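The values are calculated or read from the model by the stated rules, or taken from the named source; none is laboratory data. For clarity, every value in this text was computed on a predicted model and none was experimentally measured. So basically every Cβ, Gly included, is an ideal-geometry build from the backbone, and we count neighbours across all protein chains shown.
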C-alpha cells in the first residue's frame, strides 16, 4: 500500500484553476497523485499576511511521464484557442515570464507563450530559461523576516507567559514553504528562527516563575 512518503512534490499552484486542470489530466491517465493543500490563515501581528498554495505530489518515476503528457496535451489544444485569450495581449517580456515561472501557469499558457515568442522571432534558449529559472528558485527560496516592533511586542507578552508568544515562536522555528522548484525550505530567516526559540524559552521560564509565585 502506498503512503504519502512515496510521493514527492511535482508542482505548486497559487490558484486552483491550473491545479484542477492538472488533476483532471492525471485522472484521465490513471496516474496516482496526492494533494497537499496548505492554507495558512495566520494573525498578521504574528506571522504576516495570509498565504495559500495547492501542492500536487507524484511518485518520482511519474514526473517525466507527466511532463510529456502535459506538453502533448497543451500543444494539441493550441490551434483551438480563441484569439481573445488574454495571453495573446502579453508583450515579449511578459511571455518570457510565463515560460520562466511555468509553475505559476497552466501548461496551455506556457505552450502558448513559447509559440508566440517563436512567432515574434524571439529565441527561447533552454540554457537561458534554465538560468532564469534558477534565479526564480533563488528568489522564491529567500526567507522572510519579522519586524522589530512585532518581535518587541511578542517579547513583552512572553514576560507574562503569553501562549501567543509560544505559538509564534514555534511557528517561526518550524514553518516551511515550497520554492518554485518544489523544494521545502525554511519560511523565516535564521535570525527570526532564533528569536522563535528565545520566545518559547522566555515564555516557559515566565510560566514556571508565575506558577511558583502562585503556589507560594
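Just so you know, in the range 73-90 the residues that are surrounded by 10 or more Cβ atoms within 10 Å (Cβ to Cβ) and assigned to a loop (DSSP other than H, G, I, E, B) include one that is modelled with the lowest pLDDT, and it is 81. Scanning the range 178-191 for residues that are out of contact with any helix residue (DSSP H, G or I) (no Cβ under 8 Å at 6 or more places or on another chain) and either surrounded by 14 or more Cβ atoms within 10 Å (Cβ to Cβ) or farther than 19 Å from residue 59 by Cα (or both) yields 178, 187, 189, 190, 191. Out of all the residues in the range 64-72, is one or more under 30 Å from residue 158 (Cβ atoms) and modelled with pLDDT under 85? The answer is no; no qualifying residue exists. Taking the range 131-179 as the search range and keeping residues that are in a helix (DSSP H, G or I) and in contact with a strand residue (DSSP E or B) (Cβ under 6 Å, 6 or more places away or on another chain), which one is modelled with the lowest pLDDT? Once the filter is applied, the top-ranked residue is 141. Taking every residue in the range 156-185 that is under 30 Å from residue 130 (Cβ atoms) and assigned by TED's automatic domain parsing to the domain that holds residue 201 and pairing it with any residue that is part of a loop (DSSP other than H, G, I, E, B) and at pLDDT 90 or above, at least 6 positions away or on another chain, the pairs with Cβ-Cβ distances below 7 Å are 175/187; 176/187; 177/187. Considered as a group, the residues in the range 120-137 that are under 17 Å from residue 110 (Cα atoms) and touching a residue at least 12 places away in the same chain (Cβ under 8 Å) include one that is nearest to the chain's Cα centre (by Cα), and that residue is 136. Among what's in the range 43-56 and is in contact with a helix residue (DSSP H, G or I) (Cβ under 7 Å, 6 or more places away or on another chain) and surrounded by 17 or more Cβ atoms within 10 Å (Cβ to Cβ), pick the residue that is modelled with the highest pLDDT. This residue is 56. Once the range 91-101 is narrowed to residues that are touching a residue at least 12 places away in the same chain (Cβ under 8 Å) and part of a helix (DSSP H, G or I), the residue that is nearest to residue 178 (Cα to Cα) is 100.
Scan the range 102-122 and give yes if some residue there is in contact with a strand residue (DSSP E or B) (Cβ under 9 Å, 6 or more places away or on another chain), in a helix (DSSP H, G or I) and at pLDDT 80 or above, otherwise no. Checked the range 102-122: no residue is in contact with a strand residue (DSSP E or B) (Cβ under 9 Å, 6 or more places away or on another chain), in a helix (DSSP H, G or I) and at pLDDT 80 or above.
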